[in-house]
Each structure stands twice: as structure tokens, then as C-alpha cells.
Amino acid sequence: QVQLVESGGGLVEAGGSLRLSCAASRRTLSRYAMGWFRQAPGKEREFVVGISWTGVSTNYPDSVKGRFTISRNNAQNTVYLQMNSLKAEDTAVYYCAASEYRGMWPPTSYDYWGQGTQVTVSS
């Protein structure tokens, strides 16, 4: 099965940017649809965005629309989440996930998960 490792989280001021990476090992990433989720303290895990193996992405929720962009580089076995104009409410642990057979939607389609990376946005 695929193993996923996120990186790129950290502390950033409101209005700043971060780019999260999700690197895959053991299996080639091109066979999976991929997604990003986040979980803020005291809240349920939230689906942020998914991307098909061909690079088509799901609709972004209004909370991140126009600020977050998902992309993938199958040759490098990596998926990215570019986050701009960060807000305090974006503070969460961000997880990447892989869907082997069921595509990028719905959020219950994902089979494999990374360990998460913390993003903290100071206001």
C-alpha cells in the first residue's frame, strides 16, 4: 500500500503563504486520486480539496476558494497544496490522503492517510 508523508507546515502570520507537500512511497502516486483534509482543535476533520490522477480538482469550499490550490506532479510522486492569504481560521492539522478505486469524491473515498502537518496562522 502507498505511504504518505506531509511536510511544509509551520507558523505563519495572517496573510502569508505556505505550500504543503505530500510525498508518496511504496507505490506510484499516479494510480491514486488524492485529497487534502484538515482538522482544527475541537472540530471534525474537514475535506478541503481533491484531485484526480489526471489533475482535475474538486470544487473548493467557500472557506478556501481563491486562496488554496491543489496540484500534483506524478513524476515526482508528490501532491501539493498551495495556501495563500492565510487566515487564523485556517489553523489546523492538514492531512493528505489517497483514494485507490473510488475517485476524489466523496470524502469517504479515501483509503490511505498521512500523519499530518501542523499549520498555525497567527493573527
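A few comments on the model shown:
- Rounded if a/c under 1.5, otherwise prolate or oblate - the chain, Cα gyration tensor axes: prolate
- Formal net charge of residues neighbouring GLY10 (Cβ-Cβ distance under 13 Å; K, R +1; D, E -1): -2
- Accessible area in square angstrom per residue, the chain, 1.4 angstrom probe: 51 Å²
- Fraction of accessible area attributable to carbon and sulfur, the chain (%, probe 1.4 Å): 48 percent
- The mean sequence separation of alpha-carbon pairs under 8 Å and at least six residues apart, normalised by the residue count of the chain, gives a relative contact order of 36 percent.
- Percent of beta bridges antiparallel (DSSP, the chain, rounded to nearest 5): 90 percent
- Of interest is the spacing of the C-alpha centroids, which for the range 90-111 and the range 1-73 amounts to 8 Å.
The values are calculated or read from the model by the stated rules, or taken from the named source; none is laboratory data. Please read all numbers here as calculations on a predicted model, not as lab measurements. With ideal geometry, Cβ positions are generated from the backbone for all residues, glycine too; neighbour counts draw on all protein chains shown. The protein model used for the area step is the full one, side chains on, heavy atoms only, and it has no ligands, DNA or RNA in it. Shrake-Rupley method; radii C 1.70, N 1.55, O 1.52, S 1.80 Å.
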